[in-house]
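So the structure is just underneath, and the comments pick up after that.
The values are calculated or read from the model by the stated rules, or taken from the named source; none is laboratory data. These numbers were taken from a predicted model, which means no experiment stands behind them. Because the Cβ atoms are built from the backbone with ideal geometry, glycine has one as well, and the counts that use them run over all protein chains shown. Areas reflect the complete protein model, heavy atoms only, side chains present, ligands, DNA and RNA absent. Shrake-Rupley method; radii C 1.70, N 1.55, O 1.52, S 1.80 Å.
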Amino acid sequence: MSEVKIMGFSAEVRDKVLIACNRHCCICHKFCGTKMQLHHIQQRADGGDDSFENCIPLCFDCHSEMGKIDPHHPQGRQYSPRELMGHRDSWYQKVKNSSFTTHNTKICDEDKELFNKICGFFNDEIQSYLKEEILCQPFPHDLFYPLDNLIYKNKDPLFTFIDDKLESMKDTMMASVEKFIGCLCMYTFSVQNSNNNATNLWLVNHGWAKFPNKATLAQFEQDEKALAQSSREVWESYCTFVKDCRRIINS
């Protein structure tokens, strides 16, 4: 059985942290149960201590992102201590202000309606592209506008589940949606004389862009892999959201 990995924090600090986060990841807000890591915001090698203030509870996936960026060849943006503290404090406050309803609570009609609305943003065409992982090919530039709109709507306080378990599931899915849209913005570009977008690698291979040097071409290949991975993650996250929410709503 997976257990919370002890990273030097005392039993008192561990208990306090796990209660404060309600065993959810402070970045993606996924419920983790025993599958958690207690991460030092400032590493002990850099003078960090084993205090409650220097701890952030994370899921395995988010913890794997900590510190893996090479500072000499950076790709992406590494989490700063200030950002980690902000994520943690925001989530702790959300837990503190929430009653965290039990799973046996009857789901209200408003939550059922919201679930159906969210599913509606993932239309058939979006589902097809995500399932088939064909974003290495050109796609309509407005294809994923519904997901942009979903991100915008998610900022509305009325776009919130009353049931806290459902809301936590939505938070987890939305983290992957936002990451995916970010990848689209970074790694795809307009195809000249068309209404399509494509990756740099596709543009080069089809003569729409100047052939780059070896290092740049390798970076284009990595960018396309990152986009494919993000597409896979958002599809898996959406499927998990739908399956788990349906079980709760129909229980």
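Contact annotation: residue pairs with Cβ atoms under 7 Å, 6 or more positions apart or on different chains, pairing a residue in the range 9-36 that is in a helix (DSSP H, G or I) with a partner that is open to solvent by 50 Å² or more (accessible area, probe 1.4 Å), are Val13/Asp50. Please verify whether Ser237 is small (Gly, Ala, Ser) and either open to solvent by 40 Å² or more (accessible area, probe 1.4 Å) or at pLDDT below 90 (or both), treating the condition exactly as stated. When the stated conditions are applied, Ser237 does not pass them. Could you tell me whether the range 140-155 includes any residue that is in contact (Cβ under 8 Å) with a residue 24 or more places away in the chain, polar (S, T, N, Q) and either closer than 20 Å to Gly120 by Cα or open to solvent by 40 Å² or more (accessible area, probe 1.4 Å) (or both)? Yes, that holds for at least one residue.
Screening Met173 against (1) surrounded by 13 or more Cβ atoms within 10 Å (Cβ to Cβ); (2) outside any strand (DSSP E or B); (3) more than 20 Å from the chain's Cα centre (by Cα) leaves a single unmet condition, (3).
Just one residue in the set Glu167, Glu132, Glu125 is in contact with a Ser or Thr (Cβ under 8 Å, 6 or more places away or on another chain) and surrounded by fewer than 20 Cβ atoms within 10 Å (Cβ to Cβ); that residue is Glu167. Contact map, the range 109-133: residues that are closer than 16 Å to Pro146 by Cβ paired with residues that are loosely packed, with under 13 Cβ neighbours inside 10 Å and among the polar types (S, T, N, Q), Cβ distance under 7 Å, separation 6+ or inter-chain. Pairs shown: Phe121/Asn149. Exactly one residue out of Phe189, Phe161 is outside any helix (DSSP H, G or I) and open to solvent by less than 20 Å² (accessible area, probe 1.4 Å): that is Phe161. Only one entry of Thr199, Thr188, Thr216 meets the criterion of being among the β-branched types (Val, Ile, Thr) and modelled with pLDDT of 85 or more, and that entry is Thr188.
Return the total of residues in the range 75-101 being closer than 28 Å to Phe161 by Cα and either open to solvent by 80 Å² or more (accessible area, probe 1.4 Å) or modelled with pLDDT of 80 or more (or both).
Step one: of the range 75-101, the residues closer than 28 Å to Phe161 by Cα are 83-101.
Subset that is either open to solvent by 80 Å² or more (accessible area, probe 1.4 Å) or modelled with pLDDT of 80 or more (or both): 83-97, 99.
So the answer is 16.
Can you confirm whether the range 217-233 contains a residue that is touching a helix residue (DSSP H, G or I) at 6+ places or on another chain (Cβ under 7 Å) and under 30 Å from Cys108 (Cα atoms)? Yes, there is a match, as at least one residue in the range 217-233 is touching a helix residue (DSSP H, G or I) at 6+ places or on another chain (Cβ under 7 Å) and under 30 Å from Cys108 (Cα atoms). Note on the range 26-35: residues that are modelled with pLDDT under 90 and open to solvent by less than 20 Å² (accessible area, probe 1.4 Å) amount to 3.
Are any residues in the range 205-251 of a type in the set (Phe, Trp, Tyr) and part of a helix (DSSP H, G or I), and if so, which ones? Once the filter is applied, which keeps residues that are of a type in the set (Phe, Trp, Tyr) and part of a helix (DSSP H, G or I), the range 205-251 yields Phe220, Trp235, Tyr238, Phe241.
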